[in-house]
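Worksheet for the structure shown next.
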Amino acid sequence: MADDDEIILSELSDDELVLQMHDDLYDGLKEEIEEGVNILIARKWTPYDVLTKALVAGMTIVGADFRDGILFVPEVLLAANAMKGGMAILKPLLIATGAPRMGKMVIGTVKGDIHDIGKNLVGMMMEGAGFEVKDLGINNSVEKYLEAMEAEKPDILGMSALLTTTMPYMKVVIDTMKEKGMREDYIVLVGGAPLNEEFSKAIGADAYCRDAAVAVETAKAYMLRKHNRATA
Amino acid sequence: MDQPNDIDLTETGLAPRQSGSVLLIACGALAHEVLALIKANDWQHMDVQCLPAKLHLYPEKITAEVERTVQEHRAQYQSLFVLYADCGTGGLLQAKCAELGVEMIEGPHCYSFFEGNATFATHLDTEISAFYLTDFLVRQFDAFVWKPMGLDRYPQLRDTYFGNYTKLVYQAQTNDPALNAKAADCANRLGLAYERRFTGYGDLATTMERIAQ
């Protein structure tokens, strides 16, 4: 008798495989996700479809259950790690096939702060949503943000902080952008555990994003507005 | 007052005696230190209500819980004082306390006021990769750090959480060799260098002395 628990991914239909990949992402199974991505690519799926229908759709379920208190940070990190495995396969293929690009983001944790879990999740979900992401890492001075904006010409600047003591540095960056007359050239999104909507408004950011999924939706909405302004 | 146990302080907090003129509304993680200071100074007019220390795992809930406790008890006492620092509330607790007309202890978190806010501020820039534990957090390391972060189930996540940290600083409120050994073991489990730093009660003591007068 066959082992009922054994699922052979390559024997599943496309629809079954995509659903199984959602389950595997949910369970943080990196190797299975990598295998699933390779199977779909071998079946002539476009990299963009693999990304959106298998990975992003799966992570959307993870994000919703995190927000509803069904999943917790460790499980989200494992799911993100699994998605990262799939993304590593897809990234060069997406570039090669000219998949749609939503825009470009420079993202980094502010000076004095070494926390990057939230930032990394946002970066990954933004990439999944079709944004090009330049990640500056942790402990970024205003000079590093400005250099990156100059070099990368992003649409969006994302800043992250986990500490009450470091989050005011976001205002230093935004004030410097204002002084240099460049604030209006960028969409500024901020996030991190101690932040809130009021703080975001007070420092002059465009929006506070409470989690990675919100960051993606907010970024998309602002890009649409920017596009509409440009074409009006 | 009997010494409360750490599990109760973590899960349910500590109920007030319902006597005295000053109510301190404190984090459960500070209970032992607050009670020790009250006993040492014979501040019999001070009563303590501790909220569950596990609220620190959900800082967004702290402000509402403090407000609820202030409203519940303010008619019974001449004055109330909040022994929470900002504690990840992003200024919301400070704003709420101001609205309620209740004072709170200064500082971004207990690591800062235990060491002394002025001293802590001097090494903010040079010690950004330090992970701090207090006496309470050393005793409750598994309940507060290891398990909530899922490291009991997914040890492979350790470096995802702690890869950017370089050392664990044990801010010792008391001289206890057993806690020192346990803190060193915590550092080892997290893959971090270890430093013990005796702080005593720091600004918690001076703040309570001021309230007591």
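The table that follows gives values for the structure above.
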quantity: Some residue of the range B:40-53 being assigned to a helix (DSSP H, G or I) and without any contact (Cβ under 8 Å) to a residue 60 or more places away in the chain; calculated: yes
quantity: All positions within the range A:61-80 that are away from chain B (no Cβ under 14 Å) and either crowded, with 18+ Cβ neighbours inside 10 Å or among the basic types (Lys, Arg) (or both); calculated: A:62, A:63
quantity: Of all residues making up the range B:63-105, the number that are β-branched (Val, Ile, Thr), within 16 Å of the chain's Cα centre (by Cα) and farther than 14 Å from residue A:196 by Cα; calculated: 3
quantity: Flag for residue A:29 being within 21 Å of residue A:116 (Cβ to Cβ), of a type outside the set (Asp, Glu) and within 14 Å of chain B (Cβ to nearest Cβ); calculated: no
quantity: Residues satisfying the stated conditions in the range A:124-163, i.e. modelled with pLDDT under 95, more than 14 Å from every other protein chain (Cβ to nearest Cβ) and either within 23 Å of residue A:199 (Cβ to Cβ) or part of a loop (DSSP other than H, G, I, E, B) (or both); calculated: A:125, A:126, A:129, A:130
quantity: Residue in the range A:95-109 that is within 14 Å of chain B (Cβ to nearest Cβ) and either touching a residue at least 12 places away in the same chain (Cβ under 8 Å) or hydroxyl-bearing (Ser, Thr, Tyr) (or both) present; calculated: yes
quantity: When residues of the range B:123-149 are limited to those that are of a type outside the set (A, V, I, L, M, F, W, C) and surrounded by fewer than 19 Cβ atoms within 10 Å (Cβ to Cβ), the one modelled with the lowest pLDDT; calculated: B:125
quantity: Odd one out for residue B:153, checked against (1) over 22 Å from residue A:138 (Cα atoms); (2) within 14 Å of another protein chain (Cβ to nearest Cβ); (3) in contact (Cβ under 8 Å) with a residue 40 or more places away in the chain; calculated: (3)
quantity: Flag if residue A:53 is part of a helix (DSSP H, G or I) and within 15 Å of the chain's Cα centre (by Cα); calculated: no
quantity: Residue satisfying condition, being in a loop (DSSP other than H, G, I, E, B) and either away from chain A (no Cβ under 11 Å) or touching a helix residue (DSSP H, G or I) at 6+ places or on another chain (Cβ under 9 Å) (or both), within set B:165, B:170; calculated: B:165
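The values are calculated or read from the model by the stated rules, or taken from the named source; none is laboratory data. This is a predicted model, so every value here is computed, not measured. Here the Cβ is made from the backbone with ideal geometry for all residues, glycine too, and neighbour counts use every protein chain on show.
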